[in-house]
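For reference, the structure discussed in these notes is given below.
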Amino acid sequence: GDAAARAVAAANDRSRERNSQPSALFLEAAPWRALSKGGAAKVLVAGADDDGVSAALTAAGLAPTAWRRFASSSADAHVAAWPTAAGDGEAYDGCAMRWPWYAAGDAAAMALHAIAPLLKPGAELWVFGNADEGADGCEAALAPLFEDCTLVRSRDGTLVYRARRRTAATAKKA
């Protein structure tokens, strides 16, 4: 009884800690700094739980819109099968994407194809996740839709990448 409950609680604690590391490293890297100098830029926050990412972007003067494919609670207002354009119908100026921890290859490709059309050409995409979730394959996954993929920061198997939405002149066949 008690030993099993303690083991489950310890496993849940380790899982929460591991799953919070990508957002923490993303917040530490703050790759949105250049974007925040241009006013209230619209940023899509894709796949991140309520972990401070939207609050940090808001504090930087940006206008984040959260989208998650899976609910983080029973009252998750940001869950939808597909993301939508910014409130005014305009394209987003940037996107912060939590690398999906579930079936990363297909889930990441689907998320990238959902996000890309909503971004302005040349808009920055920041991807953060754990290498053991597949985030170390980010560059290959981004190549059809994004360019200039660079590793911004890494620590203990947690990674943050930056890339740019391809423009019409540099688009590849996806």
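The values are calculated or read from the model by the stated rules, or taken from the named source; none is laboratory data. Since the model is a prediction, treat every value here as computed from it, not as a measurement. Cβ: placed from backbone, ideal geometry, glycine included. Neighbour counts: every protein chain shown. For accessibility, only protein heavy atoms count, side chains too; no ligands or nucleic acids. Shrake-Rupley method; radii C 1.70, N 1.55, O 1.52, S 1.80 Å.
Observations, loosely collected:
- When the Gaussian network model of the chain links Cα atoms closer than 10 Å, the mean-square fluctuations of ALA48, ALA107, ALA116 top out at ALA107.
- Debye intensity ratio I(q)/I(0), log10, the stretch 1-60, q values 0.13, 0.25 Å⁻¹ (C-alpha model): -0.47, -1.04
- Stretchable slack from THR84 to MET110, in nm (0.36 nm times residue separation minus alpha-carbon distance): 7.9 nm
- Amide proton proximity set for GLY122, modelled H, under 5 Å, gap of 5+: ARG165, ARG166, THR167
- Solvent-accessible surface of the chain, averaged per residue with a 1.4 angstrom probe and all protein chains in place: 50 square angstrom.
- Placed amide H near ALA63: partners under 5 Å, 5+ positions off or other chain: ALA41, LYS42, VAL43
- Most mobile listed residue (ASP132, ASP51, ASP156) in the chain, GNM with C-alpha springs under 10 Å: ASP156
- Taking N as its residue count, the alpha carbon Rg of the chain over 2.2 N^0.38 Å: 1.05
- With every protein chain in place, the chain: carbon and sulfur % of accessible area (1.4 Å): 54 percent
- Each Lys and Arg Cβ is given +1 and each Asp and Glu Cβ -1; about its Cα centre, the chain then shows a dipole of about 440 debye.
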